Amino acid sequence: GNSVTQMEGPVTLSEEAFLTINCTYTATGYPSLFWYVQYPGEGLQLLLKATKADDKGSNKGFEATYRKETTSFHLEKGSVQVSDSAVYFCARGSNDYKLSFGAGTTVTVRA
Amino acid sequence: DAGVIQSPRHEVTEMGQEVTLRCKPISGHNSLFWYRQTMMRGLELLIYFNNNVPIDDSGMPEDRFSAKMPNASFSTLKIQPSEPRDSAVYFCATSLRGMNTEAFFGQGTRLTVV
């Protein structure tokens, strides 16, 4: 089965609302974890990453903490903007250097 | 660096025709990945190369799909013959080989087979 499971969307929020997107993974060992963002008509770009347990990745107001005890890497932002409307992908590294992606969560922020 | 460069950005072709998608990786990156994205199946890894050698092609859907990487600065994904169900956005991504390094994606090629 899929080694990365993320919250299904779509998610619709008002500007300045709190956003959280859940992500859990399965793995042996401690892989690196990533969040990617895809804006309309573009490729995926790295949003943040964490390489070991208890690391917190952060960028553009987004944060995610590597929790090995719950095998989770939930994405959060305290106050979203319209410009945060995008598809968000959780991903996990592996021993064979491939990335495993979640299904993606579409987020729409309304003004 | 200009990033990962894919061409063309859009391709519309008739069923049965051959389609070739191109990718120029970031200079110095030694791993290259081809992905396909559709609404139904999400993001699928088709094949990946390391140092120009195909490492895992288990994601290639059928024999109609083939990929090559003749040198470190160029890769192609070919579909012959194309079918309407191949319509998707195809992404190329590259990275420096290593578990902790992220992949950098191109802008993608939107393929429509009519």
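The values are calculated or read from the model by the stated rules, or taken from the named source; none is laboratory data. The shown structure was predicted, so the numbers you read here are calculated from the model rather than taken from an experiment. Here the Cβ is made from the backbone with ideal geometry for all residues, glycine too, and neighbour counts use every protein chain on show.
If we keep just the residues of the stretch B:40-60 that are in contact with a strand residue (DSSP E or B) (Cβ under 9 Å, 6 or more places away or on another chain) and in a loop (DSSP other than H, G, I, E, B), which is nearest to A:Q6 (Cα to Cα)?
Applying the filter and picking the extreme gives B:R41.
On the basis of being within 16 Å of the chain's Cα centre (by Cα) and of a type in the set (A, V, I, L, M), does A:A17 make the cut?
Here the answer is no, as A:A17 does not meet what is asked.
Among the numbered conditions (1) at pLDDT 95 or above; (2) crowded, with 16+ Cβ neighbours inside 10 Å; (3) more than 10 Å from chain B (Cβ to nearest Cβ); (4) under 12 Å from the mean Cα position of the chain (by Cα), tell me where A:V80 comes up short.
Single failed check for A:V80: (4).
Counting only residues that are of a type in the set (D, E) and either within 14 Å of chain B (Cβ to nearest Cβ) or touching a residue at least 24 places away in the same chain (Cβ under 8 Å) (or both), which one in the stretch A:16-58 is farthest from B:L43 (Cα to Cα)?
Checked the stretch A:16-58; the qualifying residue farthest from B:L43 (Cα to Cα) is A:E16.
With the requirement that a residue be among the aliphatic types (A, V, I, L, M), buried (at least 17 other Cβ atoms within 10 Å of the Cβ) and within 12 Å of chain A (Cβ to nearest Cβ), what does the stretch B:1-54 give you? Can you show your working first?
Quick first cut of the stretch B:1-54, residues among the aliphatic types (A, V, I, L, M) only: B:2, B:4-5, B:12, B:15, B:19, B:21, B:26, B:32, B:39-40, B:43, B:45-47, B:53.
With the extra rule that they be buried (at least 17 other Cβ atoms within 10 Å of the Cβ), the set shrinks to B:4, B:19, B:21, B:26, B:32, B:43, B:45-47.
B:V4, B:L32, B:L43, B:L45, B:L46, B:I47 - these are the residues of the stretch B:1-54 that are among the aliphatic types (A, V, I, L, M), buried (at least 17 other Cβ atoms within 10 Å of the Cβ) and within 12 Å of chain A (Cβ to nearest Cβ).
So which residues in the stretch B:61-114 are in a loop (DSSP other than H, G, I, E, B), over 14 Å from B:I5 (Cα atoms) and away from chain A (no Cβ under 14 Å), if there are any at all?
B:P61, B:E62, B:D63, B:R64, B:Q80, B:P81, B:S82, B:E83, B:S87, B:V114 - these are the residues of the stretch B:61-114 that are in a loop (DSSP other than H, G, I, E, B), over 14 Å from B:I5 (Cα atoms) and away from chain A (no Cβ under 14 Å).
Does the stretch A:20-35 contain any residue that is in contact with a strand residue (DSSP E or B) (Cβ under 9 Å, 6 or more places away or on another chain), assigned to a strand (DSSP E or B), closer than 15 Å to B:E102 by Cα and among the polar types (S, T, N, Q)? Don't jump to the end; show me each part of the working.
Taking the stretch A:20-35 and keeping what is in contact with a strand residue (DSSP E or B) (Cβ under 9 Å, 6 or more places away or on another chain), we get A:20-27, A:31-35.
From what's left, assigned to a strand (DSSP E or B): A:20-21, A:23-25, A:33-35.
Cutting the leftovers down to closer than 15 Å to B:E102 by Cα gives us A:33-35.
Going one step further and asking which of them are among the polar types (S, T, N, Q), we end up with none.
Within the stretch A:20-35, not a single residue is in contact with a strand residue (DSSP E or B) (Cβ under 9 Å, 6 or more places away or on another chain), assigned to a strand (DSSP E or B), closer than 15 Å to B:E102 by Cα and among the polar types (S, T, N, Q).
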